[in-house]
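Peer 1: Before anything else, here's the structure in question.
Bear in mind these aren't lab numbers, they're just calculated from the coordinates by the rules spelled out. For clarity, every value in this text was computed on a predicted model and none was experimentally measured.
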């Protein structure tokens, strides 16, 4: 009887250890889902290192519809030098190379990353050596702890590939290390459609 109790106790300890390990293993996972008729997008803030897209589930009714993956581009990131007010479109950054590939310039895709984790995706409509003008204003008041990241498309996964006419839903499920960003990079995943676009992305930071 004592021996059985010993084995039962040992099994309980092993189960607790396994459960704790599983919690640690998934501690860095983050999942987001959205749907829209013509374009569905999810955004993830930068991690401490590279962000790994572990799974992507997508449904689209567009033949040739695809998931486009965006991450940090060559201009990298810039610290905000003056706190913008809620809705502001002009954001002050050090941008001396705005007329070259090394800086932020007109039509760049950007992610404004607030210090509290809020993400604003937009484009640059104008740029100078000291500021950029965003096509859409920031969604909340910012601070000098915020950053602006330049993004570029760095991956693509075709979803609508079965040869049927637009209007027929195609679904794709991918798992594993689907996509890896550069270090210290946001991630944006966009799926296009005509009447249906649904996407869920799970990442490990």
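Peer 1: Largest first and to the nearest Å, give the Cα extent of the stretch 101-205 along each principal axis.
Peer 2: Extents along the principal axes: 50, 29, 29 Å.
Peer 1: Oh, and also: Write down the Kirkwood hydrodynamic radius of the stretch 25-204, to one decimal in angstroms, obtained as one divided by the mean of 1/r over all alpha carbon pairs.
Peer 2: For the stretch 25-204, the Kirkwood estimate is 16.9 Å.
Peer 1: Using only Cα atoms, locate the centre of the stretch 120-192 and the centre of the stretch 58-72, then give the distance between them in Å, rounded to an integer.
Peer 2: 11 Å
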